[in-house]
Amino acid sequence: MKFASWAARSVITILGVLAATMLAAGAAPSDVSSSGTGFFVNAQGWIVTNAHVVEGCTSISVPRLGTGTDLAIDKQNDLAAFKLYDGAGKPHLPLRRSQPRLGEDIAAYGFPLNGLLSDSIKVTTGNINSLVGMDNDTRYLQVSTPLQPGNSGGPVVDQWGSIVGVSTAVLGSKFTDATGIAAQNVNFAIRSNVVELFLQSRNIQFDTADPAHDDKPLSTADLSDKAVPAVVQVLCHGAPATVADTETPTKPTMSSTMPRPSFRSFTPANSYDVMGFDYATLKNVSEVECENACQGDLSCKATTYNRKAHFCFLKSDAKILVRNVDAVASVQSNLTGSLIFSTFVIRSGRDMAGGDYSRIRNTNFIACYAACEVDYQCRAFAYVRKKNECWLKNQIGYVSTKSGVDLGLK
């Protein structure tokens with residue numbers, strides 16, 4: 001049996017009577033059942049954390065800022081978001097879009113071991129140890145930043161202060177009990193692009209940022225000055241206490257809140273088109289019919305539905321997400337971690353006059369997009385479906401309606 005089938009215990013745990021009596025000023029000892037960490041993602045007061053931090057709570061709160069509302073939960077990816085009206089205008093952290101690098105320096109922020117340690121925020125540093133999680137789950141990064149109970153939902157940031165992941169799980173004592181192996185600093189974070197898809201599907205605004213080539217990395221102290229104001233402690237009120245962490249299993253068991261993808265779970269991405277191999281096209285269908293067609297076909301890993309044309313594209317893989325206001329993409333959930341977010345905006349039925357410097361014949365849309373992506377001269381491209389032609393453009397001009405043409409703008 002694989003080690004990954006054993007216990008990878010969630011970072012958030014119940015700390016017993018001590019934690020319940022020492023969490024936050026103003027909270028009734030019997031009312032606060034557990035705590036975690038969260039961070040602001042926009043100036044409207046929206047906070048992201050783990051689903052397991054807030055699930056089952058009768059209410060959630062942030063010390064000195066009030067009670068959370070408008071809770072949105074994605075159990076499949078262990079993500080949640082809620083709004084604090086008194087959090088409007090607070091500093092927030094951007095999500096990083098560029099792919100993380102193996103070995104990259106990172107820092108994690110949170111409120112670990114609340115009630116045992118001080119109530120101030122803590123920072124730990126480390127590296128990205130692996131670009132995938134257990135069982136090669138691409139939604140996760142494996143990180144060496146030390147994490148403790150209470151870090152769940154906290155931000156993992158790069159050296160420029162952008163979110164690369166959300167702290168979610170560790171291999172802990174139950175893994176050791178079950179296998180006899182004491183894993184050292186084997187921790188996991190949900191990738192930022194999975195967070196982006198979650199927020200986008202809930203219509204929650206967020207910022208993105210990628211370091212420029214000449215941007216100097218920040219020291220841990222300067223990084224903390226930037227990140228700490230956006231990080232908060234999240235208190236769960238009224239959830240039933242859990243003591244599973246303190247029990248020694250009589251036989252090896254799975255005791256992880258790191259979600260395992262269900263076989264046919266899909267994540268939507270509104271106003272996006274997903275690039276992949278289109279093996280079937282359905283015409284004059286509804287969005288629901290498109291979803292059902294993919295669910296009923298085991299070859300289907302993703303779809304793009306064009307709302308204007310009522311076309312459904314079934315795809316056997318998913319590689320890149322590009323902006324397309326006329327489309328909605330849906331991707332099998334366990335593939336979302338490996339998706340690349342493109343800087344292009346795609347418009348169906350549009351063309352742009354002028355700027356043509358290269359013509360590619362006998363091609364397809366993805367090859368046309370790729371040709372523009374790798375050419376520094378290219379500012380836009382137009383793909384003519386009937387002729388299978390691609391026009392690369394080195395300047396942006398007037399955009400007009402043109403049936404049968406797909407326009408991509410950098």
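The values are calculated or read from the model by the stated rules, or taken from the named source; none is laboratory data. The structure displayed is predicted, hence computed values, not measured ones. For neighbour counting, all protein chains shown are included, and Cβ atoms are generated from backbone atoms with ideal geometry for every residue, glycine included.
Tell me whether segment 334-345 contains one or more residues that are outside any strand (DSSP E or B), in contact with a strand residue (DSSP E or B) (Cβ under 7 Å, 6 or more places away or on another chain), among the small types (Gly, Ala, Ser) and more than 19 Å from residue 385 (Cβ to Cβ).
Within segment 334-345, one or more residues are outside any strand (DSSP E or B), in contact with a strand residue (DSSP E or B) (Cβ under 7 Å, 6 or more places away or on another chain), among the small types (Gly, Ala, Ser) and more than 19 Å from residue 385 (Cβ to Cβ).
With the requirement that a residue be within 10 Å of residue 364 (Cα to Cα) and in a strand (DSSP E or B), what does segment 375-392 give you?
Scanning segment 375-392 gives 383, 384, 389, 390.
For (1) assigned by the TED database to the domain that holds residue 370; (2) more than 19 Å from residue 203 (Cα to Cα); (3) modelled with pLDDT under 90, each residue gets a yes or a no:
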position	(1), (2), (3)
291	no, yes, yes
294	no, yes, yes
303	no, yes, no
313	no, yes, no
318	no, yes, yes
324	no, no, yes
332	no, yes, yes
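Can you tell me which of (1) surrounded by fewer than 19 Cβ atoms within 10 Å (Cβ to Cβ); (2) at pLDDT 90 or above; (3) of a type outside the set (A, V, I, L, M); (4) closer than 17 Å to residue 38 by Cβ is the one residue 119 doesn't meet?
(2)
Within the group 406, 351, which residue is crowded, with 16+ Cβ neighbours inside 10 Å, charged (D, E, K, R) and within 19 Å of residue 276 (Cβ to Cβ)?
Among 406, 351, only 406 is crowded, with 16+ Cβ neighbours inside 10 Å, charged (D, E, K, R) and within 19 Å of residue 276 (Cβ to Cβ).
Against the condition at pLDDT below 85, assigned to a loop (DSSP other than H, G, I, E, B) and surrounded by 15 or more Cβ atoms within 10 Å (Cβ to Cβ), how does residue 183 come out, does it pass?
It is true that residue 183 is at pLDDT below 85, assigned to a loop (DSSP other than H, G, I, E, B) and surrounded by 15 or more Cβ atoms within 10 Å (Cβ to Cβ).
Residue-by-condition table, conditions (1) aromatic (Phe, Trp, Tyr); (2) in a strand (DSSP E or B); (3) more than 16 Å from residue 186 (Cβ to Cβ):
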position: 97; (1), (2), (3): no, no, yes
position: 109; (1), (2), (3): yes, yes, yes
position: 112; (1), (2), (3): no, no, yes
position: 123; (1), (2), (3): no, yes, yes
position: 126; (1), (2), (3): no, yes, no
position: 135; (1), (2), (3): no, no, no
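When both residues are 6+ apart or on different chains and their Cβ atoms are under 6 Å apart, which pairs have a first residue that lies in segment 310-323 and is aromatic (Phe, Trp, Tyr), and a second that is surrounded by fewer than 18 Cβ atoms within 10 Å (Cβ to Cβ) and modelled with pLDDT of 85 or more?
These pairs meet every condition: 311/283; 313/281.
Hey, any hits in segment 311-329 for a residue that's buried (at least 19 other Cβ atoms within 10 Å of the Cβ), in a helix (DSSP H, G or I) and in contact with a Cys (Cβ under 7 Å, 6 or more places away or on another chain)?
Checking segment 311-329: not a single residue is buried (at least 19 other Cβ atoms within 10 Å of the Cβ), in a helix (DSSP H, G or I) and in contact with a Cys (Cβ under 7 Å, 6 or more places away or on another chain).
Restricting attention to segment 122-150, and to residues there that are within 30 Å of residue 318 (Cβ to Cβ) and among the hydroxyl-bearing types (Ser, Thr, Tyr), which single residue is surrounded by the most Cβ atoms within 10 Å (Cβ to Cβ)?
140
Which of the residues that make up segment 277-299 are touching a Ser or Thr at 6+ places or on another chain (Cβ under 7 Å) and either surrounded by fewer than 16 Cβ atoms within 10 Å (Cβ to Cβ) or part of a loop (DSSP other than H, G, I, E, B) (or both)?
Across segment 277-299, the qualifying residues are 277, 279, 299.
Considering only residues that are modelled with pLDDT of 90 or more and β-branched (Val, Ile, Thr), look in segment 141-157 and name the one that is farthest from the chain's Cα centre (by Cα).
This residue is 143.
For segment 45-66: of the residues being more than 19 Å from residue 164 (Cβ to Cβ) and hydroxyl-bearing (Ser, Thr, Tyr), which is surrounded by the most Cβ atoms within 10 Å (Cβ to Cβ)?
Step by step, filter segment 45-66, then rank; the result is 61.
Anything in segment 102-119 that is closer than 13 Å to residue 165 by Cβ and out of contact with any helix residue (DSSP H, G or I) (no Cβ under 9 Å at 6 or more places or on another chain)? List them, or say none.
Matches in segment 102-119: 104, 106, 108, 110.
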